[in-house]
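These notes are about the structure you will find just below.
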Amino acid sequence: MKFYRSLRPIKAITFDLDDTLYDNHPVIRRTTAESHVALQAYHPSLSTFSETAYQALRDELLLLEPDIYHDVTEWRRRSVELAMLNAGLTPAEARAGADKVMEVFAHWRSQVEMPEETHLTLAALAERVPLVAITNGNADPQKLGLDGYFKFSLRAGPHGRAKPWQDMYHLAAQRLAIAPENILHVGDDLTTDVAGSLRCGMQACWINLRQGNLMRIKDARLLPHVEISQLASLTSLL
């Protein structure tokens, strides 16, 4: 554990989900593969539709509607729907097909091997202060078996713009009725989590799970209050 700034009293903790509480990389790889298979299988005209072509549609949609970036679930659903429309399906068929593919996506997105350390740490912290999940992604704490630890969860899109925009940070403080300066945000990303939370007045904890050097990482724009390498270290801060 390394300290870079003096910590004020911590009255609540907010958490990023992906790659903070569990390793999300294998989850996303499998989820992407399984959902693309479902897309190809939905209609014969899509059987040879490649992942490269799908990514090109996502990029095209983002250019046309830049704000869709803030809701990754809707961005994905709309991209699948567009692929089906381009393949000749009717608008009604494309909407129904996109919903089916997103059901497959949601299933695999929740197949996470949750570390026991995560459960033990969150359980211990939740006895001391309120915890909140704040994510740019589409992981569902309830399906991950984590919802019992959190007072509530916020997701980019339905609850505001994606981090590092301050929407969800401010909303968390408002709903908790706790000043941002007494909330510690924990996350793995130095831009969305550390810089984002600091700029809205929160305290920041960077969880460094890949032996990064804060003094040499290019996206280290603002120093966090504290750096940890394992989640369980948080229990010593309260």
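The values are calculated or read from the model by the stated rules, or taken from the named source; none is laboratory data. Values in this document were obtained by computation on a predicted structure and should not be read as measured data. Heads up, the Cβs are rebuilt from the backbone with ideal geometry, glycines too, and the neighbour counts pull from every protein chain shown. Calculation scope for accessible area: heavy atoms of the full protein, side chains included, ligands and nucleic acids excluded. Shrake-Rupley method; radii C 1.70, N 1.55, O 1.52, S 1.80 Å.
Assorted remarks:
- Among the numbered conditions (1) more than 17 Å from GLN230 (Cβ to Cβ); (2) modelled with pLDDT of 95 or more; (3) among the aliphatic types (A, V, I, L, M); (4) open to solvent by less than 10 Å² (accessible area, probe 1.4 Å), the only one that VAL186 does not meet is (1).
- Qualifying residue in region 49-62 (condition: part of a loop (DSSP other than H, G, I, E, B), open to solvent by 60 Å² or more (accessible area, probe 1.4 Å) and not aromatic (Phe, Trp, Tyr)): no
- Scanning region 14-29 for residues that are within 15 Å of THR121 (Cβ to Cβ) and under 10 Å from the mean Cα position of the chain (by Cα) turns up PHE15, ASP16, LEU17, THR20.
- Number of the condition not met by PHE152 [criteria: (1) free of Cβ contacts under 8 Å to residues at least 24 places away in the same chain; (2) over 20 Å from TYR4 (Cβ atoms); (3) open to solvent by less than 10 Å² (accessible area, probe 1.4 Å)]: (3)
- Residue in region 114-135 that is part of a loop (DSSP other than H, G, I, E, B) and hydrophobic (A, V, I, L, M, F, W, C) present: yes
- Region 24-48, subset out of contact with any helix residue (DSSP H, G or I) (no Cβ under 9 Å at 6 or more places or on another chain), of a type outside the set (Gly, Ala, Ser) and surrounded by fewer than 15 Cβ atoms within 10 Å (Cβ to Cβ), residue nearest to PRO164 (Cα to Cα): HIS25
- Check on HIS225, open to solvent by less than 30 Å² (accessible area, probe 1.4 Å), in contact (Cβ under 8 Å) with a residue 12 or more places away in the chain and more than 17 Å from the chain's Cα centre (by Cα): yes
- Residue selected from region 110-128 under the condition of a type in the set (A, V, I, L, M) and surrounded by 19 or more Cβ atoms within 10 Å (Cβ to Cβ), by the criterion modelled with the lowest pLDDT: VAL112
- Condition check for ASP59: acidic (Asp, Glu) and within 30 Å of GLN203 (Cα to Cα): no
- There is at least one residue in region 12-19 that is open to solvent by less than 70 Å² (accessible area, probe 1.4 Å) and over 22 Å from ASN138 (Cα atoms).
- In region 165-174, the condition of being surrounded by 17 or more Cβ atoms within 10 Å (Cβ to Cβ), touching an Asp or Glu at 6+ places or on another chain (Cβ under 9 Å), of a type in the set (S, T, N, Q) and touching a residue at least 12 places away in the same chain (Cβ under 8 Å) is met by no residue.
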